[in-house]
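Beneath this line is the structure, given in structure tokens, with notes to follow.
The values are calculated or read from the model by the stated rules, or taken from the named source; none is laboratory data. Only a predicted model underlies this, so the values are computations on that prediction, with no experimental measurement involved. Because the Cβ atoms are built from the backbone with ideal geometry, glycine has one as well, and the counts that use them run over all protein chains shown. Note: accessible area is taken over every heavy atom of the protein model, side chains too, but ligands, DNA and RNA are not part of it. Shrake-Rupley method; radii C 1.70, N 1.55, O 1.52, S 1.80 Å.
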Amino acid sequence: MIEKLSIVNSELKRTGVFTGSFDPFTIGHDNIVRRALALFDRLVIGVVESNVHKEHAASAEERRKAIAAVYANEPRVEVKVYGDLAVDFAHREGARYIIKGVRSVKDFEYEQEMAEINRNINGTETLLLLADPSLAYISSSMVRELRHYGKDISMYLP
């Protein structure tokens, strides 16, 4: 399959998308973004509006704004909300690559299945970046639970 590249300022740009609920966006997510920026000219962080498997503590727009603030000085990063399949979002953004972070074997097995489906739908490839071992224990659900019980979560947020 011929790689689809978006044209920006008369130059070819390689675009990747990093998708997820990001409720909240953690330092683990930030680590994946910063590593992905070494691979892509343009990175679109896709904040899913809703996930059938999760209840969100913050609205998609609140999550988008919080993430956008982290990358306010990084012109290669865009943050957008989407409400359909990640593979369709990637296609609309002109990206042939979806980036996912993997913390465990459980994450790997889930992401491997999704990667196969995405490739079958329209040829979109998935790049799995292994979590930095020092951050692999951090999950959004763990941070939400700590916040729920009034604990300081600032050390887990960028």
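Please determine whether any residue of the range 68-85 is touching a residue at least 12 places away in the same chain (Cβ under 8 Å) and under 19 Å from Met142 (Cα atoms).
If we filter the range 68-85 for residues that are touching a residue at least 12 places away in the same chain (Cβ under 8 Å), which is where we start, we get 70-71, 74, 76-83, 85.
Add one more test, that the residue is under 19 Å from Met142 (Cα atoms), and what stays is none.
For the range 68-85, residues touching a residue at least 12 places away in the same chain (Cβ under 8 Å) and under 19 Å from Met142 (Cα atoms): absent.
Taking the range 147-158, which residues are loosely packed, with under 15 Cβ neighbours inside 10 Å and either in contact with a helix residue (DSSP H, G or I) (Cβ under 7 Å, 6 or more places away or on another chain) or basic (Lys, Arg) (or both)? Walk me through it before giving the result.
Within the range 147-158, the first condition is being loosely packed, with under 15 Cβ neighbours inside 10 Å, and the residues that meet it are 148-152, 154-155.
If the condition is that a residue be loosely packed, with under 15 Cβ neighbours inside 10 Å and either in contact with a helix residue (DSSP H, G or I) (Cβ under 7 Å, 6 or more places away or on another chain) or basic (Lys, Arg) (or both), then Lys151 is the only one that fits.
Scanning the range 1-42 for residues that are part of a loop (DSSP other than H, G, I, E, B), modelled with pLDDT of 95 or more and aliphatic (A, V, I, L, M) returns Leu37, Ala38, Leu39.
Being closer than 17 Å to Phe25 by Cβ and of a type in the set (S, T, N, Q) is the filter; apply it to the range 129-146 and report the residue that is surrounded by the most Cβ atoms within 10 Å (Cβ to Cβ). Give the derivation first.
Let us first name the residues in the range 129-146 that are closer than 17 Å to Phe25 by Cβ, namely 129, 131-132, 135-146.
Subset that is of a type in the set (S, T, N, Q): 139-141.
Values: Ser139: 16, Ser140: 20, Ser141: 10.
Checking each candidate, the answer is Ser140.
Which residues, taken from the range 60-86, are of a type outside the set (A, V, I, L, M) and surrounded by fewer than 19 Cβ atoms within 10 Å (Cβ to Cβ)? Once the filter is applied, which keeps residues that are of a type outside the set (A, V, I, L, M) and surrounded by fewer than 19 Cβ atoms within 10 Å (Cβ to Cβ), the range 60-86 yields Glu61, Glu62, Lys65, Asn73, Glu74, Pro75, Arg76, Glu78, Lys80, Gly83, Asp84.
In the range 37-48, the residue that is farthest from the chain's Cα centre (by Cα) out of those that are crowded, with 22+ Cβ neighbours inside 10 Å and within 23 Å of Ser134 (Cβ to Cβ) is Leu43. Checked against (1) modelled with pLDDT under 95; (2) touching a Gly at 6+ places or on another chain (Cβ under 9 Å); (3) among the hydrophobic types (A, V, I, L, M, F, W, C), Ile99 passes all but a single condition, namely (1).
When restricted to residues that are open to solvent by less than 30 Å² (accessible area, probe 1.4 Å), touching a residue at least 60 places away in the same chain (Cβ under 8 Å) and among the hydrophobic types (A, V, I, L, M, F, W, C), the range 87-128 contains 5.
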